[in-house]
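S.K.: Here's a structure for you.
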């Protein structure tokens, strides 16, 4: 899977919260950190922590979340390419909708229209899952032979 990483103009190392670094376009994780946490930290590092992607409003850092642009229900991976800042309200409303569906949902004026739309969307989602499976963005996938994988394992001697 291809993960977009920031590049330092002088080729220097980006250190991110002491748990990872980016050097020469390689993401190095320093354990113990799980992959999802690493991707969340990397996304916040790259995209900031304040403006909602959906409503464009600015929020305090404790009121912003990360949303899967392509929902995990549809195969959306937890990588910065697919994660966007979202206020808690937008993220909660969007649930597992794809953005065009969420845009339509937001444009509706009454709660009755919105609840009917969510019900209709869930039927569409079930259909999409049954007939098309998961959604993948081809730009995020690449088959590549890997010559070396380096893993350092440190065992506590106590």
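The values are calculated or read from the model by the stated rules, or taken from the named source; none is laboratory data. Predicted model only: the values in this text are computed from it and were never measured. Every residue, glycine among them, receives a Cβ derived from its backbone with ideal geometry; neighbour counts consider all protein chains shown.
S.K.: Just one of (1) under 23 Å from residue 98 (Cα atoms); (2) over 18 Å from the mean Cα position of the chain (by Cα) trips up residue 39, so point out which.
M.R.: If we test residue 39 against (1) under 23 Å from residue 98 (Cα atoms); (2) over 18 Å from the mean Cα position of the chain (by Cα), just (2) comes out false.
S.K.: Being surrounded by fewer than 18 Cβ atoms within 10 Å (Cβ to Cβ), at positive phi and touching a residue at least 24 places away in the same chain (Cβ under 8 Å): is that true of residue 18 here? Break it down stepwise before answering.
M.R.: On the way: surrounded by fewer than 18 Cβ atoms within 10 Å (Cβ to Cβ): yes; at positive phi: yes; touching a residue at least 24 places away in the same chain (Cβ under 8 Å): no.
For residue 18, the condition - surrounded by fewer than 18 Cβ atoms within 10 Å (Cβ to Cβ), at positive phi and touching a residue at least 24 places away in the same chain (Cβ under 8 Å) - is not met.
S.K.: One residue is enough: does region 42-55 have a residue meeting the conditions more than 20 Å from residue 81 (Cβ to Cβ) and at pLDDT below 80?
M.R.: There is no residue in region 42-55 that is more than 20 Å from residue 81 (Cβ to Cβ) and at pLDDT below 80.
S.K.: Further, regarding this structure: Take residues that are farther than 24 Å from residue 68 by Cβ and touching a strand residue (DSSP E or B) at 6+ places or on another chain (Cβ under 9 Å) and tell me which of the strands (runs of 3 or more DSSP E) falling wholly in region 5-51 contain 2 or more.
M.R.: Details: elements: 14-16, 20-23, 26-29.
Output list reads 20-23.
S.K.: Can you tell me which residue in region 43-83 is farthest from residue 5 (Cα to Cα), limited to those that are touching a residue at least 60 places away in the same chain (Cβ under 8 Å) and in contact with a helix residue (DSSP H, G or I) (Cβ under 6 Å, 6 or more places away or on another chain)?
M.R.: Start the filter on region 43-83 by keeping residues that are touching a residue at least 60 places away in the same chain (Cβ under 8 Å), which leaves 70, 74-75, 77, 79-81.
Those left that are additionally in contact with a helix residue (DSSP H, G or I) (Cβ under 6 Å, 6 or more places away or on another chain): 70, 79-81.
Values: 70: 19, 79: 10, 80: 8, 81: 9 Å.
Out of the qualifying residues, it is 70.
S.K.: Right, next: Counting just the residues of region 29-42 that are surrounded by 14 or more Cβ atoms within 10 Å (Cβ to Cβ) and without any contact (Cβ under 8 Å) to a residue 40 or more places away in the chain, which one comes out nearest to residue 6 (Cα to Cα)?
M.R.: Checking each candidate, the answer is 42.
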